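> Could you have a look at this structure, given as structure tokens, before my questions?
The values are calculated or read from the model by the stated rules, or taken from the named source; none is laboratory data. These numbers come from a predicted model, not from an experiment. With ideal geometry, Cβ positions are generated from the backbone for all residues, glycine too; neighbour counts draw on all protein chains shown. Accessible surface is based on the protein model in full, side chains and every heavy atom, while ligands, DNA and RNA are left aside. Shrake-Rupley method; radii C 1.70, N 1.55, O 1.52, S 1.80 Å.
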Amino acid sequence: MVILKLPEEIEKARASNQIVAEVLSKLRDKVKPGVTTRELDKLAEEIAEKRGAKPAFKGYRGYPYSLCTSVNEEVVHGMPSARILREGDIVGLDFGVLYKGFFGDSAITLPVGKIDAAALQLLKVTEQSLYEGIAQAKEGNRLGDISGSVQQIVEAPGFSVVRDFVGHGIGRNLHEEPQIPNYGKKGRGLTLKSGMILAIEPMVNQGDYRVKILQDGWTVVTEDGRLSAHFEHSVAITDNGPDILSEVN
Ligand code: MF3
Ligand code: CO
């Protein structure tokens, strides 16, 4: 069942997502060669707490941290640690909060210092695929319009879409229906309606789409060891089109 939200509920979800946006924007300034992923986790937690928001991932299915930090071949759900980020790395930062009853969820992938041209292209294409997907998030379109648009942007330059993890509805729960694959056929699937809030989150690999989970039970990595990128926004479908709740205002 897809839960539609009233305009006042969308405003609550916006407040939650704006805290997530503030956190990611401050983390962006922190990401430099020499910083540890644990420091980023601590900062995210501090800012959320200052705003009266609860980090959404900590304790979720036993996940032990507030932030997910996925470096290089790590796709998603990388765990903060004493690992020092080095020039040339890329790092995915995924953060969520619960605030006044509504969840916010967003992710970015950042370069650490100067990165090579191929890595930069992966980041650009992944972010572009998110925005192409978002543009399709409007009343009367189908879920496949989002999925198919993302897939097309990703595959054109030869990158691949991760299959094993998908986007999701979001609201009073972190994960609601529908699931939002980043691959599929335009014109197919669920009809989109005003009042839906969708967390659209392409995970894009430089090489093969296949992934595996490390022994820690969380960290998802590419099977071929090549790079992966992830961007996510929580987006409300309104009568005026897509409204990106987790965009910095
Ligand atoms: N953005 C991710 C998601 O939507 C974050 C979940 S990480 C977890 O699923 F630790 F909470 F599982
Ligand atoms: Co998500």
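> Quick one: putting +1 on the C-beta of Lys and Arg, -1 on the C-beta of Asp and Glu, what dipole do you get for the chain around its Cα centre, in Debye to the nearest 20?
240
> Shifting gears a bit: Quick one: work out Rg over Rh on the C-alpha atoms of segment 126-187, Rh as Kirkwood radius.
Over the Cα atoms of segment 126-187, Rg/Rh equals 0.97.
> Further question: Provide the three semi-axes, in whole Å and in decreasing order, of the ellipsoid equivalent to the chain as defined by the square roots of 5 times the Cα gyration tensor eigenvalues.
26, 23, 15
> Hey, how many Å between the Cα centroid of segment 1-39 and the Cα centroid of segment 190-246?
The distance from the Cα centre of segment 1-39 to that of segment 190-246 comes to 15 Å.
> Taking all protein chains in place and a 1.4 Å probe, what share, in percent, of the accessible surface of segment 7-244 do carbon and sulfur account for?
48
> In whole percent, what relative contact order does the chain give with Cα contacts below 8 Å and a gap of six or more residues?
24
> With every protein chain present, what is the per residue accessible area of the chain (1.4 Å probe, Å²)?
Per-residue value: 44 Å².
> FRET efficiency for residue 84 and residue 26, Cβ-Cβ distance as r, R0 = 25 Å, nearest 0.05?
Using R0 = 25 Å, I get an efficiency of 0.80.
> Now for a different question. For a quick size check, give me the Cα extents of segment 98-213 along its three principal axes, largest first, whole Å.
41, 35, 27
> Contact order normalised by length for segment 54-99, with contacts defined as Cα pairs under 8 Å and 6 or more residues apart; what percent is it?
With pairs under 8 Å counted, the relative contact order is 45 percent.
> How many times 2.2 N^0.38 Å is the alpha carbon radius of gyration of segment 5-113?
Segment 5-113 yields a ratio of 1.06.
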